[in-house]
Structure formats: C-alpha cells, structure tokens
1. Restricting the search to segment 55-89, which residues are part of a loop (DSSP other than H, G, I, E, B) and within 43 Å of the chain's Cα centre (by Cα)?
2. Looking at (1) in a strand (DSSP E or B); (2) in contact (Cβ under 8 Å) with a residue 60 or more places away in the chain, which one does residue 390 not meet, given that it meets all the others?
3. Restricting attention to segment 362-374, which residues are over 22 Å from the mean Cα position of the chain (by Cα), at pLDDT 80 or above and buried (at least 18 other Cβ atoms within 10 Å of the Cβ)?
4. Against the condition at pLDDT 95 or above and either in contact with a helix residue (DSSP H, G or I) (Cβ under 8 Å, 6 or more places away or on another chain) or buried (at least 18 other Cβ atoms within 10 Å of the Cβ) (or both), how does residue 405 come out, does it pass?
5. Of the conditions (1) at pLDDT 95 or above; (2) under 17 Å from the mean Cα position of the chain (by Cα); (3) not in a strand (DSSP E or B), residue 298 satisfies every one except a single condition; which number is it?
6. Quick check on segment 408-418. Is at least one of its residues modelled with pLDDT under 95, over 28 Å from residue 488 (Cα atoms) and out of contact with any strand residue (DSSP E or B) (no Cβ under 6 Å at 6 or more places or on another chain)?
7. Does residue 337 qualify as being within 21 Å of residue 565 (Cβ to Cβ), surrounded by fewer than 19 Cβ atoms within 10 Å (Cβ to Cβ) and out of contact with any helix residue (DSSP H, G or I) (no Cβ under 7 Å at 6 or more places or on another chain)?
8. Quickly run through segment 317-343 and pick out the residues that are closer than 19 Å to residue 282 by Cα and part of a strand (DSSP E or B).
C-alpha cells in the first residue's frame with residue numbers, strides 16, 4: 001500500500017490538476033501565507049487588568065481591535081510607560097510571544113502568578129518594573145523563556161528589573177531560560193542565577209559579571225565589552241563556541257587583573273576538542289587566543305597588558321630593551337583538565353608591538369612560555385600582516401607572550417648579599433633561572449646612579465635550578481657604596497639585579513635599614529650594622545601581626561647588606577621587619593607600594 005506523506009486539501013489538489021495559469025495558483029498561495037503572517041499583531045495596554053485580552057488594543061489610545069489570546073506566536077504586547085497594570089488572574093505569555101514592560105506590571109491579586117514561556121523585556125534603566133504584594137499563597141513570576149533587561153543595576157534586586165525574593169514574593173528562573181542584557185549604559189548582572197543555559201550580551205557600552213557564572217549552553221557577544229572582574233570565573237561547560245561576529249577593541253571579553261595582589265578574572269571553556277577562539281582583551285585592546293587541543297580539554301584564560309618577568313600581573317615589568325622585541329601583553333592559559341598536546345595562536349594590536357618587533361619577518365615571530373621560573377626561547381611561526389603567532393606541541397601551560405624567536409627573556413635573580421670580610425667585601429648572589437647567560441658583571445657606585453664594572457664571573461650555563469655565585473671586592477670604598485649584578489647574555493643583551501647599599505664603616509653601631517623605603521616590586525634590600533657573627537632570622541609581619549615571610553641565615557659578623565625576594569603575592573601596605581638573633585632583636589617598619 002502506498003503511503004502519502006503530504007496530503008493537500010481537496011481544493012488545492014483541484015488547483016494542481018486544473019488548467020488555470022500557474023501564476024494565478026502561486027498568487028493564491030502567497031496570499032494565504034501573507035494572511036497567516038499578518039495574524040500576529042502589536043497590542044498596547046490601556047487598562048488595569050493585563051490578564052484579560054479585552055484590555056489590549058491595536059492603538060495606543062485604547063481603540064482598535066483586541067488580540068485573540070496571549071499565545072499566538074509573533075504577538076507583541078507593550079505595557080505602556082506611565083501605566084501600572086494589575087493582574088486579576090493567572091497569566092501565561094505563550095511561546096513566541098513578547099511582553100514589553102515600559103510601565104509597571106503589578107502581580108498583586110491573591111495567588112496570582114505570571115508564567116513567561118515567550119519573551120519578557122524590561123526597558124527601564126534604573127527602576128523595578130514588577131510589584132508583587134498579593135495575599136493568600138502570594139505571587140510568583142516564572143521565566144521559562146527569554147528575559148531581556150536594559151537596567152543598569154541588573155536583573156533582580158534593589159532598583160533592578162525584578163524585585164528580590166521575599167515572603168509571598170517569588171521569582172523563578174526555569175532551567176532553560178535565556179538571558180539578555182541590552183542597555184545603552186554600563187550594566188551589571190546583579191541577580192543573574194549562578195548557572196544559566198544561554199546568555200546574550202548586547203550593550204554598546206559594557207556589562208560587568210557580578211559573580212562567578214556557569215553557562216551550560218551558549219554565550220553570545222552581540223555588542224560591547226563583557227567584563228570579568230578579578231576573582232570571578234565565567235565557565236562555558238558545553239564547549240559551544242562563543243557566538244557573535246566582528247570581535248575587536250570595542251567588542252570582547254575583558255579579563256581583569258589586580259596589579260597589586262595579582263588576582264585575575266577568567267573565561268573558562270570545557271569540552272574543547274577542536275579549534276576554539278576565546279575573544280579576550282583588556283577593555284582597550286583585543287587580544288584573542290585560539291586553542292586547538294589533540295584531545296578534549298578544559299582551559300581558562302586571562303590576558304593583560306604589561307609584560308612582566310614572571311608572567312604575573314603584579315610582577316616586575318620587563319626591561320625597556322626586552323619590550324622593544326616583544327608584544328607588551330601576557331596570556332595566562334591554564335589547562336584545568338585533559339591531556340595531550342595543543343596548538344596555540346595569539347593575536348594583538350599594532351599598539352602593543354615593540355619598536356624592534358614591528359620590523360621582524362614572519363619567521364622571526366614566535367611564542368614564549370614561562371615555566372620553572374624561566375621564559376623559554378620563543379618558537380613557532382608568525383604572520384606580521386595579521387599580527388598572529390602560532391606554536392605547536394604545547395603540553396604545559398600558564399603564562400605566554402609573543403616574542404622575537406631566539407632572544408632570551410630576563411633571567412630571574414634571587415637574593416643579592418654583601419658582607420664585610422677582613423680582606424674586603426664579599427658579594428654573593430643567586431640566579432633562580434638562567435637561559436643563554438654568558439657571564440655576570442659586578443658593578444659598583446658611590447651615589448647609586450653612576451656604576452662601573454669592577455669584576456666578572458662566568459655563568460654556569462642554561463638551567464632552571466638555583467645557582468649561587470660569589471666574588472670578593474678586595475678594594476672596597478670607604479663609606480657608603482652601592483652594588484648591583486649585571487647578567488649578560490651570549491648575544492650581548494643584559495639585565496640587572498636590584499641595587500643594594502652598604503656602609504662598611506667599623507664605627508657603625510648595630511642597626512637595621514631598608515633601602516629603598518617604600519619598597520617597590522617584591523625585592524627588599526636590608527642593611528644591618530656591625531653585628532657579631534652568628535645565626536639570625538628575618539621575620540616580616542603585616543599590619544595585623546600575621547607573619548608573611550621568614551628567612552634564616554648565618555651572619556659572618558660586621559656589616560651585612562642583602563636583597564631579599566619577597567613572596568609574589570605580598571600586597572601593598574605597611575609591614576614590620578624583625579631581625580632576631582641570640583639575645584638580640586631589631587624592628588624596622590617599611591611600606592610596599
């Protein structure tokens with residue numbers, strides 16, 4: 001038996017068999033289709049009871065015709081500005097239907113509930129547009145469809161679009177609800193649930209995420225900048241691509257950082273198994289990263305302007321000489337789960353290229369990775385015209401930057417120490433990581449400004465472990481002098497340790513000094529006056545008395561000056577340094593900027 005999958009009405013089958021002109025037949029079809037489309041209409045409130053179809057009109061002045069119901073797909077209902085409409089029964093806004101709230105919707109009848117399976121749009125920039133004060137079991141508004149808001153304060157709370165949940169007043173967000181922020185001024189996402197299915201950012205200014213957020217469906221950037229503050233993560237667990245087009249300086253995800261504490265905001269995406277672009281930036285510049293893993297992975301990304309020697313927001317800035325040969329930005333890419341290798345592609349604007357970097361050919365551009373306390377030599381390939389760098393085969397992650405291939409980024413110094421000896425001044429220093437370092441030069445100054453080289457020590461070679469070096473100044477200066485160590489690469493490039501000061505005058509009394517004070521960065525130079533040889537300990541406490549650092553050492557006796565590397569996460573503020581010895585204690589207060 002033959003089955004017909006498409007059964008036409010008898011009249012249409014007659015038309016098909018007739019000898020009428022085809023144009024006439026097509027005209028009839030278009031007419032019926034157009035008539036069906038036109039069944040959808042726009043209706044305006046003009047009464048206190050929006051739950052009754054007879055209180056909506058096709059004209060704003062309360063004239064015209066009424067809608068057939070609240071469930072005809074395509075219908076738009078506009079609750080007019082200046083009007084307060086109160087429900088007198090339960091009300092359902094059907095799928096495909098839009099309710100635009102320009103005035104106030106009052107869900108105040110006893111036990112009245114409003115269910116939105118279509119779309120509800122709030123247009124006020126700073127006012128709550130729903131009231132719920134009914135008796136009985138109270139009032140509920142349930143969003144199972146799409147909710148859109150132009151409110152600068154956010155979705156739910158004080159002066160937000162929706163009121164805060166309270167006794168007999170409940171706002172319910174369905175599991176499949178979609179959210180859109182579409183204001184014209186900077187918005188916040190206050191009241192947004194901790195987990196949503198779909199989220200659309202459509203604000204020509206910016207939208208700030210107020211708390212960590214999980215997106216199980218799709219994030220769409222239609223317009224503007226989405227801000228992820230420090231300490232907050234937006235996690236797209238579905239692995240769906242971030243929708244939207246035309247990403248750039250005025251439309252991207254701004255992952256913020258705190259240059260004092262090093263805190264960061266992250267965009268995180270799970271279930272990545274193919275090329276995935278995260279349209280990140282810093283609010284001014286577009287700095288995207290594309291990751292292509294060989295297996296399913298989960299990555300989180302933060303990007304910030306201002307390359308640092310350890311890849312952290314509060315780290316020591318790269319020297320001007322290095323900045324000329326890199327892109328002045330850091331991409332922090334963490335792999336949260338997954339295995340295998342991945343390919344990374346970074347992109348940047350011309351404004352962040354160093355003066356020498358701009359002249360490089362494609363074969364001289366790559367990506368460098370900070371690992372084990374050292375920046376490795378950049379590798380990969382680049383495209384100068386498109387401002388792109390690509391590196392394959394990555395299996396470990398954290399900070400990255402775009403750099404000239406083959407240059408060694410700054411070596412990281414540990415402590416630098418000066419101690420008085422019978423025959424002069426002993427200079428000791430520690431390298432925490434060496435790459436391409438040829439030798440060290442010891443430089444001295446009488447004013448801390450003009451330095452001369454007074455000695456040289458050959459480096460041990462490339463390594464990521466600590467290495468200790470010593471050199472004896474047999475003809476030290478009488479009185480105050482300044483020392484620093486210069487690390488010189490095999491190709492002549494160099495960088496410096498912190499400068500430390502010492503006064504070896506034997507008439508100095510036992511004392512402690514900090515140079516400079518306030519301290520900048522995370523190196524602190526400490527000078528102690530004439531002291532007996534023995535075991536000592538530095539202790540650093542914050543203003544609340546909490547110990548944040550300790551360091552034990554053997555004092556050779558006499559004068560000692562030492563540059564100590566403090567914890568990278570030590571924040572700005574006032575601290576107390578305590579020097580303890582046998583029957584001995586000194587305290588010095590200092591500030592960290």
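The values are calculated or read from the model by the stated rules, or taken from the named source; none is laboratory data. Small disclaimer: the values here were computed from a predicted structure and weren't measured. When we count neighbours, we look across all protein chains shown, and the Cβ atoms used for this are built from the backbone with ideal geometry, even at glycine.
1. Once the filter is applied, which keeps residues that are part of a loop (DSSP other than H, G, I, E, B) and within 43 Å of the chain's Cα centre (by Cα), segment 55-89 yields 70, 71, 72, 73, 74, 75, 80, 81, 82, 83.
2. That leaves (2) as the condition not met.
3. 364, 365, 366
4. No: the conditions fail for residue 405.
5. (3)
6. No - not one qualifying residue is present in segment 408-418.
7. no
8. Across segment 317-343, the qualifying residues are 317, 326, 327, 329, 330, 331, 332, 333, 334.
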